[in-house]
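Any read-out appearing in this document is the output of simple, stated calculations on the displayed coordinates, not a laboratory observation. All of these numbers come straight from a predicted model, not from anything done at the bench. As a convention, Cβ positions derive from the backbone with ideal geometry for all residues, glycine included, and neighbour counts pool all protein chains shown.
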Amino acid sequence: MSFINKALALIVLLAVTGYHSRAQNFDIDILRSIHLNRNTNLDAGMKFISGSEAFIGVGLPVSVVIVSYFKKDKILFQKGVNMSIALATSSLSTFILKRIVNRDRPAYTYPDIRPFGI
């Protein structure tokens with residue numbers, strides 16, 4: 001039996017038996033540590049950064065493609081296309097995984113964690 005088959009068998013076994021470990025809420029513990037002990041003076045800057053991800057994520061590949069067009073640089077153009085494909089792939093996989101997992105936001109499940117900006 002290969003390593004991959006053994007690993008898959010172990011994952012299936014753990015999923016079927018309902019294995020629960022101490023690390024069940026490891027992600028929530030980290031979120032609480034960050035959220036409850038944060039420097040609130042930085043909230044405005046963090047809110048700006050959080051709102052700018054679309055401009056940066058879309059703007060950089062588009063900028064590279066535009067610059068490559070004016071410079072007539074085929075290699076730079078290919079890099080811009082690769083960046084665009086990576087962005088589209090990442091966005092699509094994130095969208096699909098969020099729908100598959102269908103997990104509530106922590107603010108809905110844990111009352112001590114509030115959504116950012118409230």
The stretch 53-118 -> Rg/Rh from Cα coords, Kirkwood Rh, value 1.23
Cross-link reach from K47 to lysines, straight Cα distance under 28 Å and at least 8 residues apart if same chain, gives K98
Phi angles of the stretch 38-49, converted by Karplus (6.51 cos²θ - 1.76 cosθ + 1.60, θ = phi - 60°) into ³J(HN,Hα) in whole Hz with x for Gly and Pro, give 7, 7, 5, 5, 8, 4, 5, x, 5, 5, 5, 4
proj_area_mean for the chain (convex hull on C-alpha atoms), units nm², value 12.4 nm²
Helix 74-101 sits off the longest principal axis of the Cα atoms of the chain, rounded to the nearest 10 on a 0 to 90 degree scale, by 30 degrees
Between R105 and F48, Cβ-based FRET efficiency (R0 25 Å, step 0.05) works out to 0.75
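Taking the Cα centre of the chain as origin, sum charge times position over the Cβ atoms of Lys and Arg (+1) and Asp and Glu (-1), and report the length of that vector in debye to the nearest 20.
Rounded to the nearest 20 debye, it is 280 debye.
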Placing each pseudo-label 7 Å from Cα in the direction of the beta carbon, K79 and I34 end up separated by a distance in nanometres of 2.9 nm
Sorting N5, L42, T109 by the position of each Cα along the dipole of the chain (Lys, Arg +1; Asp, Glu -1; all at Cβ), the one nearest the positive end of that ordering is N5
